[in-house]
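Since every read-out is calculated from the coordinates, none of them should be taken as a lab result. Every value quoted in this text rests on a predicted model; they were computed, and no experiment measured them. We place every Cβ from the backbone using ideal geometry, glycine too, and count neighbours over all the protein chains shown.
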Amino acid sequence: MERDTLLGLYDDMWLIRAFEQGLEREFEQGNVPGMLHTGLGQEATQAALAAHLDATDCFFPDHRCHGINALAQHRHRGDGERIMAELFGRSTGVCGGKGGSLHSADPTVGNYGDNAVEGSYMATVLGVALAAQLRGEPKVACAIIGDGTVGRGEFHESLNMAAIWKLPVLYACVNNGYAISMPVGDGHASADIIDLAKGYGFECRQVDGNDIVESHRAVGDAVAHIRAGEGPYFLELKTWRWQGIFAGEFRPAEEVKYWREEHDPILMADEVLESMGVDAAAREAIESAQRARIEEWIAFAKKSPPPDLAKATADVYVGWEVAGR
Ligand SMILES: Cc1ncc(C[n+]2csc(CCOP(=O)(O)OP(=O)(O)O)c2C)c(N)n1
Ligand SMILES: [Mg+2]
């Protein structure tokens, strides 16, 4: 990988880490409503996906996708702070503060939104992909799914339909080892989700999702395959989330140490950058700049007003004019 490409991805990973850590701090202080699932530890998967998906593509994020949401918003519209404002429940958010963490969406940047019903968009993504196929558009329709999500029936229905119709779907399976606190191998026939996908006969690949170089290359290959009309692609990105789903650590100390101190995606990228001649001072400057940016985004969110109560039911249903009637 070229040094400049890696520097760009490193910058993106710091944007995500700073975003999540700033958000976590504010959440602990009681400033962020609802629940919070951070993508800390999964920055490489998010940065790799964001790097290859255009605004005209589509992605359905999962509940740990603040990173790709913010990057897409920042890159395509220059207003990443509106993702922060959405999480704070403010009117300047991408959904006017009414979507929150689980329903942040902005189709103009390719973000078609998460859903509190985990993985239900594995069905919806087929519709976007079929529409693109019928219109002859080179769109990639991406479903970002957790390892726990694949326990849903839609997983198999979706992969089967995508396979027989050769739909332009990218399944980006973020396997972080656990669903709530259940180890992936206890909940599925294989701890490697790729084993469940292979039977559908399309291209499948498993990568170290904390290795930004490998993940970036793999997403690039998958997107090129889909744009070339070769049909769906299943990519399993193996990673680990810093956060448990509830308070308290349930995982063994050695496991925590390994992932946080030896296999952290940013520390791994640090080593590669060091070997390319990017010294610690240059890397720290990137981190500081992103941390400063995120503080600005938080300040923007905090000074934004909450949604207007009188408009609480607006945007809940699609209006007749939008539905084309
Ligand atoms: C259909 C459905 N069942 C259960 C839940 C509750 N729930 C929220 S997150 C989660 C675990 C998801 O695990 P995984 O997909 O591995 O994502 P992770 O949190 O590990 O990133 C569950 C069961 C839900 N939101 N929707
Ligand atoms: Mg998981």
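For region 270-309, the C-alpha radius of gyration divided by 2.2 N^0.38 Å, with N the number of residues, is 1.88.
By the beta-carbon count within 10 Å of each Cβ, the least crowded to most crowded order of ARG260, ARG64, fewest first, is ARG260, ARG64. Nearest 5 percent is fine: what portion of the DSSP beta bridges confined to region 157-285 is antiparallel? So the antiparallel bridges in region 157-285 amount to around 15 percent. Counting every C-alpha pair in region 73-203, the share spaced more than 19 angstrom apart comes to 56%. Need one number: the % of Cα-Cα pairs in region 140-281 sitting beyond the 18 Å mark. Result for the distance tail: 60 percent.
Listed by Cβ neighbour count within 10 Å, with the fewest neighbours leading, MET276, MET268 appear as MET276, MET268. Shown for HIS156, HIS225: other C-beta atoms within 10 Å of each C-beta, ranked fewest to most, produce the order HIS156, HIS225.
From the alpha carbon centroid of region 216-252 to that of region 100-147 is 15 Å. Phi angles of region 178-184 translate, via the Karplus equation with coefficients 6.51, -1.76, 1.60 and θ = phi - 60°, into HN-Hα couplings of 8, 10, 6, 10, 8, x, 4 Hz per residue; Gly and Pro are given as x.
Residue separation of LEU267 and GLU24 scaled by 0.36 nm, minus their Cα-Cα distance, works out to 85.4 nm of gained length. Quick note on region 1-157: its Rg to Rh ratio, both from C-alpha atoms and Rh being the Kirkwood radius, is 0.97.
In this structure, ALA289 and GLU249 have a Cβ-Cβ separation that, at R0 = 25 Å, corresponds to a calculated FRET efficiency of about 0.20. Take every DSSP beta bridge with both residues inside region 3-304 and express the antiparallel ones as a percent of the total, to the nearest 5. Of those bridges, close to 10 percent are antiparallel.
What the Cα atoms of region 221-268 give is an Rg and a Dmax of 16.5, 46 Å. Only one residue of GLY93, HIS188, LEU40 has its Cα farthest out toward the positive end of the dipole of the chain, where Lys and Arg carry +1 and Asp and Glu -1 on Cβ, and that residue is GLY93. If R0 equals 25 Å, the separation of the Cβ atoms of ASP54 and ASP79 corresponds to a calculated FRET efficiency of about 0.90. Counting 0.36 nm for each residue step from ASP195 to HIS156 and taking away their Cα separation leaves a gain of 12.8 nm.
Between GLN206 and GLU236, the built amide H atoms are under 5 Å apart, and every one of these is 5 or more places off in sequence or on another chain. Kindly list the residues of region 180-215 that lie in the label zone of GLU230, defined by a backbone N under 19 Å from the point 7 Å along the Cα-to-C-beta vector. Correct set: 194-195, 197-208, 214-215. Scaling against 2.2 N^0.38 Å puts the C-alpha radius of gyration of the chain at 0.97. Descending by average beta-carbon neighbour count within 10 Å, the peptides 14-22, 72-80 line up as 14-22, 72-80, the highest first.
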